[in-house]
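Let me begin by presenting the structure, written as structure tokens, before commenting on it.
Readers should treat all values here as calculations from the given coordinates under stated rules, not as data from a laboratory. Predicted, not measured: the structure shown is a model, and the values here were computed from it. Cβ placement follows ideal geometry from the backbone for every residue including glycine, while neighbour counts extend to all protein chains displayed.
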């Protein structure tokens, strides 16, 4: 199973926006440079994100994008669905016509897996990812206490 580039890039771009939007509007050019995503691809993604009101744009000098809702209210599933991407494990795309118009033997298994992934990603918000990143950066910045391995005591 793979999430498409479209879905991964949309989540990455939205996370970049969430991380930097406290400093004013964020330009697509900045996201492009920060994340290594082509500007034209970002324009396509943001058109879809704007249509679903996940972002709002500000035109003119000093313009760019803000989150359309608080980061606590934007789930990863919202983002992926906004760019018309979804990871579907059934061969029939959920239509239950896998085998000669009937569900295949494993249809329910793959359908349940798709539902589980959707529910998992629905439970993770941009704010959650921002916080996870802060925790990871804090861990990385903390110098590890250099502990000597336990050894024998020397006689004085």
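Sorted fewest first by neighbouring Cβ atoms within 10 angstrom, 124, 80, 135, 117 come out as 135, 124, 117, 80.
Ranked by how many other Cβ atoms sit within 10 Å of their own Cβ, fewest first, the residues 119, 107 fall in the order 119, 107.
Note on 81, 104: ascending count of other Cβ atoms within 10 Å places them as 104, 81, the fewest first.
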